[in-house]
Amino acid sequence: MSDRPPNDILYIDLNSCFATIEQQARPMLRGRPVAITNRLVSNSCIIAASYEAKALGIKVGMRSREASAICPELIYAETEPDKFIFVHEKLKKIMSDYSASVVMKSIDEGVIDLTEAPEHIYKRDRFSLGREIKQRLRDEIGCYMRCNVGIASNRFLAKLAGELHKPDGLDEITAENQRDVFSTLKLTDLPGINVRMEARLNAVGIFTPLQFLDADEMTLVKLVCKSIDGHKWYRRLRGFEVDSSVSDIKSVGRQFVLDGRNLSRDETDARLVHLAEDVGYRLRSKGLYARGIYVWTYDFHDGYKHCQLIAKEAFNSDYDIARLARQLYARLPCPVRIIGITLYKLQTHADAQLSLEQSKKDHIDAICTAEDKINLRFGARKIHSADSLGTEQVKCKIPFGSTRYLDHSIN
């Protein structure tokens with residue numbers, strides 16, 4: 001293929017995002033090993049670590065007990081979503097100044113497609129753009145903020161370029177240097193190649209990124225992927241864009257690990273209502289309705305248990321979600337360790353047929369809309385159901401793999 005596109009993709013990735021944001025906000029933490037957890041409880045799970053902590057062997061997913069044994073001086077900080085969302089919005093604003101096509105891949109990384117940039121920006125050297133974005137990050141957010149910038153002709157190679165020299169890297173993969181770059185990497189260094197995919201490649205004699213690049217297209221289609229994904233990998237490796245589409249939302253869910261004690265059914269029920277309010281807000285923020293609801297629990301003794309149902313009418317109010325969730329939870333064991341709600345069979349409209357209780361439904365919908373507007377303006381849970389009182393510990397978590405619920409559009 002000789003018609004490889006120009007290098008018009010910039011991939012921006014904040015370095016150790018959550019930990020660095022804490023170090024930016026709290027100067028006393030700079031240069032020290034920091035671990036971020038969702039809750040400051042005994043043996044919590046580490047969801048992010050500063051570079052200083054990583055250098056001492058601290059890894060994401062470690063339990064605090066194990067991490068403290070490795071690094072007794074490790075400092076723990078609890079997630080503060082408002083800080084992370086603030087930085088996310090700032091980063092998105094900076095990136096949006098360079099192109100009309102900006103896609104945030106997660107809270108701390110995004111893609112700039114320069115094919116939709118103004119002419120005076122498109123003509124600029126790509127490295128100068130990368131250096132400018134880095135400087136703006138320090139000037140407009142804070143001096144301790146750093147990011148990697150990857151430049152390439154598609155999202156896959158740009159992301160790989162951004163991972164070559166962490167932290168604070170700036171690299172480009174071109175048709176001319178791609179083989180040299182690939183010669184220094186392992187298969188699992190490539191974005192999207194996990195151990196299962198590596199095993200599939202190994203099975204047909206592909207053990208290195210260069211061998212992957214040189215593989216015949218039909219080998220990838222018929223022997224490795226056994227699907228159209230083989231065509232995508234063949235084009236992806238050669239710099240063509242196959243990852244620009246945005247998938248539809250298939251489900252909306254939330255789970256919560258309960259306090260480290262046996263809660264009564266009423267106490268657990270209040271937390272379930274809190275989760276119902278969270279998923280209801282997320283659903284409405286995207287203009288969606290659900291037909292299906294799935295409630296599940298986990299306990300060390302009983303394992304996973306679940307109940308689900310398909311409603312006769314589509315729903316998206318907190319009242320309906322909580323009512324249905326409680327009905328399902330009543331059939332499940334108590335006490336439990338984890339509870340969760342998932343809404344599925346999503347649609348973009350309410351059912352056309354009027355309900356016999358339409359006036360009540362309209363009243364509930366009006367209350368939900370008013371609550372959403374107030375909470376969006378003045379802060380989460382300024383107004384909520386009395387049934388979820390006393391559940392402040394059910395804090396909002398920050399999603400790693402999606403930002404679709406960080407950008408709300410309640411009408």
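Quick notes on this structure:
- Of the residues making up region 203-222, not a single one is acidic (Asp, Glu), surrounded by fewer than 18 Cβ atoms within 10 Å (Cβ to Cβ) and in contact (Cβ under 8 Å) with a residue 40 or more places away in the chain.
- The strands (runs of 3 or more DSSP E) found wholly in region 19-133 and carrying at least 3 residues that are surrounded by 13 or more Cβ atoms within 10 Å (Cβ to Cβ) and without any contact (Cβ under 8 Å) to a residue 60 or more places away in the chain occupy 34-37, 46-49, 75-78.
- Options Ala270, Ala350, Ala366, Ala370: the member that is closer than 18 Å to Val394 by Cα and not in a strand (DSSP E or B): Ala270
- Of all residues making up region 295-319, the number that are within 15 Å of Ala330 (Cβ to Cβ) and buried (at least 16 other Cβ atoms within 10 Å of the Cβ): 4
- Evaluating Met218 against the criteria (1) touching a Gly at 6+ places or on another chain (Cβ under 9 Å); (2) part of a loop (DSSP other than H, G, I, E, B) leaves one unmet condition, (2).
- Sole exception among (1) among the hydrophobic types (A, V, I, L, M, F, W, C); (2) in a strand (DSSP E or B); (3) at pLDDT below 90 for Ala311, by number: (3)
The rows are residues; the columns are (1) over 25 Å from Leu258 (Cα atoms); (2) touching a helix residue (DSSP H, G or I) at 6+ places or on another chain (Cβ under 8 Å).
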site: Gln23; (1), (2): yes, yes
site: Met28; (1), (2): yes, no
site: Ala48; (1), (2): no, yes
site: Lys54; (1), (2): yes, no
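- Positions within region 11-43 being out of contact with any Lys or Arg (no Cβ under 7 Å at 6 or more places or on another chain) and hydrophobic (A, V, I, L, M, F, W, C), in sequence order: Ile12, Leu14, Cys17, Phe18, Ala19, Met28, Leu29, Val34, Ala35, Ile36, Leu40, Val41
- Taken together, Leu157, Leu170 contain a single residue that is out of contact with any Phe, Trp or Tyr (no Cβ under 8 Å at 6 or more places or on another chain), at pLDDT 95 or above, at negative phi and crowded, with 17+ Cβ neighbours inside 10 Å, which is Leu157.
- Across region 239-252, not a single residue is classified as small (Gly, Ala, Ser), touching a Ser or Thr at 6+ places or on another chain (Cβ under 8 Å) and not in a loop (DSSP other than H, G, I, E, B).
Table: residues versus (1) part of a loop (DSSP other than H, G, I, E, B); (2) in contact with a Pro (Cβ under 7 Å, 6 or more places away or on another chain); (3) of a type outside the set (A, V, I, L, M, F, W, C).
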residue	(1), (2), (3)
Thr174	yes, no, yes
Asp180	no, no, yes
Leu185	yes, yes, no
Ile193	yes, no, no
Arg196	no, no, yes
Asn202	no, no, yes
Gly205	yes, no, yes
Leu210	no, no, no
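- The criterion of being under 24 Å from Lys105 (Cα atoms) and buried (at least 16 other Cβ atoms within 10 Å of the Cβ) holds for Glu163.
- Matching option when the condition is touching a residue at least 40 places away in the same chain (Cβ under 8 Å) and within 21 Å of Pro5 (Cα to Cα), among Val246, Val273, Val295, Val279: Val246
- Test: residue in region 186-194 that is loosely packed, with under 15 Cβ neighbours inside 10 Å, at pLDDT below 95 and under 22 Å from the mean Cα position of the chain (by Cα): yes
- So Cys334, is it modelled with pLDDT under 75 and assigned to a loop (DSSP other than H, G, I, E, B): no
Conditions tested, residue by residue: (1) within 28 Å of Arg136 (Cα to Cα); (2) at pLDDT below 90.
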residue	(1), (2)
Asp8	yes, no
Ile12	yes, no
Ser42	no, yes
Ile58	no, no
Ala69	no, no
Leu74	no, no
His88	yes, no
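Condition check ((1) touching an Asp or Glu at 6+ places or on another chain (Cβ under 9 Å); (2) in the same structural domain as Leu56 (by TED's automatic domain parsing); (3) acidic (Asp, Glu)) across all residues:
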position	(1), (2), (3)
Glu78	no, yes, yes
Asp82	no, yes, yes
Ile85	no, yes, no
Ile94	yes, yes, no
Ser99	yes, yes, no
Thr115	yes, yes, no
Tyr122	yes, yes, no
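The values are calculated or read from the model by the stated rules, or taken from the named source; none is laboratory data. This structure is a prediction, so every number in the text was calculated from the model and none was measured. In this analysis, Cβ positions are derived from the backbone assuming ideal geometry, glycine residues included, and neighbour counts consider all displayed protein chains.
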